[in-house]
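Have a look at the structure below, then the notes.
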Amino acid sequence: MEPVNFWVALLGGGLLGFSAWLLFALNGRIAGISGIAAALLTPARGEWAWRLLYVLGLAGGAALFGYVVDPPKVITVDAGWPLVVIAGLIVGVGTRLGGGCTSGHGICGMSRLSIRSVVATLIFMAVAAATVFVTRHLIGG
């Protein structure tokens, strides 16, 4: 990893941790992105504005970083829309089955020493490693 990328990754991780702490300290909420985003579809009274601002802040922060620090690159996906939609649905089902996403378990749950989150994060990481191995070494992607 290049030195600049290391510092940018360290800063990004620190900002994620700080924002998760801030949300918990000020709102008493866990910064699990899948839960925050899902609740936008059926928001409880008084819950919509902060959830929308949090999601927009994530997207806006990434976009701002992209334009200021690392200009955007064209990304192409060698799959049709049906496959992309199916993949998204599978990720959504997995997130629901796992009781949360990588941000909820990996950042917030592990920092609270939740055994359930430690197990979930270990499973996320093992599946990610297996996926990379299969796609790079067995399929040859």
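Taking the conditions (1) charged (D, E, K, R); (2) more than 24 Å from residue 9 (Cβ to Cβ); (3) modelled with pLDDT under 85 in turn, residue 51 satisfies each one other than (3). Please pick out the residue among 107, 123 that is touching a residue at least 24 places away in the same chain (Cβ under 8 Å), assigned to a helix (DSSP H, G or I) and either open to solvent by 90 Å² or more (accessible area, probe 1.4 Å) or on the phi > 0 side of the Ramachandran plot (or both). Answer to the check: 123.
For the stretch 69-87: of the residues being in a loop (DSSP other than H, G, I, E, B) and hydrophobic (A, V, I, L, M, F, W, C), which is nearest to residue 12 (Cα to Cα)? For the stretch 69-87, the residue satisfying everything is 69. Looking at the stretch 110-118, is at least one residue touching a residue at least 40 places away in the same chain (Cβ under 8 Å), open to solvent by 60 Å² or more (accessible area, probe 1.4 Å) and assigned to a helix (DSSP H, G or I)? Within the stretch 110-118, one or more residues are touching a residue at least 40 places away in the same chain (Cβ under 8 Å), open to solvent by 60 Å² or more (accessible area, probe 1.4 Å) and assigned to a helix (DSSP H, G or I).
Of the residues making up the stretch 1-57, those that are touching a Leu at 6+ places or on another chain (Cβ under 8 Å) and either open to solvent by 60 Å² or more (accessible area, probe 1.4 Å) or not small (Gly, Ala, Ser) (or both) number 9. Residue pairs whose Cβ atoms lie under 9 Å apart, separated by 6 or more positions or on different chains, with the first residue in the stretch 128-141 and exposed (fewer than 10 other Cβ atoms within 10 Å of the Cβ) and at pLDDT below 90 and the second not hydrophobic (A, V, I, L, M, F, W, C) and not in a loop (DSSP other than H, G, I, E, B), are 141/135.
Residue-level analysis places residue 66 outside the set of residues that are in a loop (DSSP other than H, G, I, E, B), at pLDDT below 85 and surrounded by 11 or more Cβ atoms within 10 Å (Cβ to Cβ).
The values are calculated or read from the model by the stated rules, or taken from the named source; none is laboratory data. Just so you know, these numbers come straight off a predicted model, no measurement behind them. All Cβ positions, even for glycine, are placed from backbone atoms using ideal geometry, and neighbour counts span all protein chains on display. Side chains are part of the model used for accessible areas, which takes the heavy atoms of the whole protein and leaves out ligands, DNA and RNA. Shrake-Rupley method; radii C 1.70, N 1.55, O 1.52, S 1.80 Å.
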